[in-house]
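Bear in mind these aren't lab numbers, they're just calculated from the coordinates by the rules spelled out. Not measured: the values here are computed from a predicted model. Note that we place each Cβ from the backbone using ideal geometry, even for glycine, and neighbour counts take in every protein chain shown.
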Amino acid sequence: MAKSPEEEHPVKAFGWAARDSSGVLSPFNFSRRATSEKDVMFKVLYCGICHSDLHSVKNEWGVSQYPLLPGHEIVGVVTEVGSKVQTFKVGDKVGVGCMVGSCHSCDDCTNNLENYCPKVILTYNSIYNDGTPTYGGYSDIMVADEHFVVRWPDNLPLDAGAPLLCAGITTYSPLKYFGLDKPGMHVGVVGLGGLGHVAVKFAKAFGVKVTVIRTSPNKKKEAIEHLGADLFLVSRDADQMQAAIGTMDGIIDTVSAVHPLLPLIGLLKSHGKLVMVGAPDRPLELPVMPLLMGRKIIAGSGIGGMKETQEMIDFAAKHNITADAEVISVDYVNTAMERLAKANVRYRFVIDIGNTLKAA
Ligand SMILES: [Zn+2]
Ligand SMILES: [Zn+2]
């Protein structure tokens with residue numbers, strides 16, 4: 001018979017988990033594996049709330065296994081390292097993002113793209129190498145193979161920096177890979193939530209001209225004055241859209257709701273790239289003719305490999321890039337999820353695990 005989550009492993013742990021697709025989170029006793037040779041164990045101090053956490057606790061992608069303990073924007077301080085760990089020592093600040101394992105031998109792994117490994121092991125709602133479920137960062141301690149642990153720069157805040165481990169790499173990686181990081185380029189960012197607001201910050205740090213594209217004009221002042229965007233485009237305003245046709249080298253589309261692509265393709269110059277990083281739960285309509293006229297590309301991108309994640313974190317520290325975080329206590333997490341479902345957050349909730357998570 002399978003052991004209960006509480007007794008599978010020797011290290012007692014505590015967190016908040018959902019037990020069914022109501023998505024309601026509540027205190028949960030479980031256990032973590034002992035620190036093996038290449039493992040790093042750390043005390044969790046902060047964990048961001050990603051939109052994926054909300055989809056997962058409510059089983060909106062149809063793959064959730066309960067109990068489900070979410071969280072993949074995890075930062076903390078190392079408490080124990082295995083005998084063969086080379087990069088970390090007790091007391092170091094570290095982070096863990098969306099994945100905790102991969103095969104280490106496929107083409108993607110060999111090219112530092114563990115995120116695209118067919119055997120990637122996600123930080124929660126996955127099955128680890130030892131056959132046990134993975135549990136995320138809404139918990140007091142975390143243990144992970146050092147390969148999947150990020151070194152945390154001293155000057156990067158732990159709380160507001162935590163969301164970079166998912167939202168940051170998700171937007172940084174496509175800007176780099178698709179060559180949208182060259183000064184003087186013009187990049188559109190569709191949507192201004194957790195992903196969109198950091199996309200603006202990275203793009204500005206690369207020296208590109210940034211236009212935020214939204215259906216409603218209500219965050220214009222915020223986008224320009226606070227986040228540093230150059231322009232703001234209301235996609236429902238036909239005149240504004242007409243005037244912007246053919247002006248962009250690329251677009252990072254962070255919207256996870258079903259939405260029309262045709263107007264966005266129209267904004268691209270010839271050879272422009274529309275990169276999807278949100279994940280709508282239904283197919284979008286793809287008009288092909290406007291792609292042919294100008295050799296335009298529609299692409300997707302999902303998080304990034306560990307080498308690039310470290311590079312992104314170091315870049316963020318150098319350029320003082322963090323997420324705009326609303327730091328909450330763990331007992332506010334269900335309210336936060338409700339607010340997140342209504343996009344009522346500016347721009348990322350981060351749970352203060354270190355100060356507010358108390359064992360039951
Ligand atoms: Zn995420
Ligand atoms: Zn692999």
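Applying a threshold of 23 Å to the alpha-carbon distances of Lys119/Lys318; Lys204/Lys273; Lys119/Lys307 flags Lys119/Lys318 as lying beyond it. Highest mean packing first, where packing is the average number of other Cβ atoms within 10 Å per residue, the peptides 53-64, 284-295, 243-254, 167-178 line up as 167-178, 243-254, 53-64, 284-295. Net length available on complete extension from Asp239 to Lys342 is 34.2 nm, with 0.36 nm assigned per residue and the Cα-Cα distance removed. The relative contact order of segment 183-310 comes to 21 percent, based on Cα pairs under 8 Å that sit 6 or more residues apart. For the chain, the longest principal axis of the alpha carbon atoms and the long axis of helix 306-318 meet at an angle near 70°.
If you take the alpha carbon atoms of the chain and fit the smallest convex hull around them, that volume is 137 Å³ per residue.
Taking the average, over residues, of other Cβ atoms within 10 Å as the packing measure, peptides 117-125, 96-104, 215-223 rank 96-104, 117-125, 215-223 from highest down. For Lys12, the lysines whose Cα comes closer than 16 Å to its Cα, not counting residues fewer than 8 places off in the same chain, are Lys3, Lys43, Lys358.
Counting only Cα atoms, segment 276-352 measures 51, 33, 19 Å along its principal axes, largest extent leading. Taking 25 °C and 0.890 mPa s as conditions, segment 176-318 diffuses translationally at an estimated 159 µm²/s according to Stokes-Einstein applied to its Kirkwood radius (Cα pairs). Checking the a/c ratio against 1.5 first, then a/b against b/c, what shape does the Cα gyration tensor give for segment 100-172? Oblate, since a/c reaches 1.5 and b/c is not below a/b. Taking 7 Å steps out from each Cα toward its Cβ at Thr335 and Ser26 produces label points 1.9 nm apart.
Secondary structure note: in the chain, about 55% of the DSSP beta bridges are antiparallel. Its Cα gyration tensor gives segment 200-280 an equivalent ellipsoid; the semi-axes, largest first and in whole Å, are 18, 15, 14. The magnitude of the dipole of the chain, with charges of +1 and -1 set on the Cβ of Lys/Arg and Asp/Glu and taken from the Cα centre, is near 740 debye.
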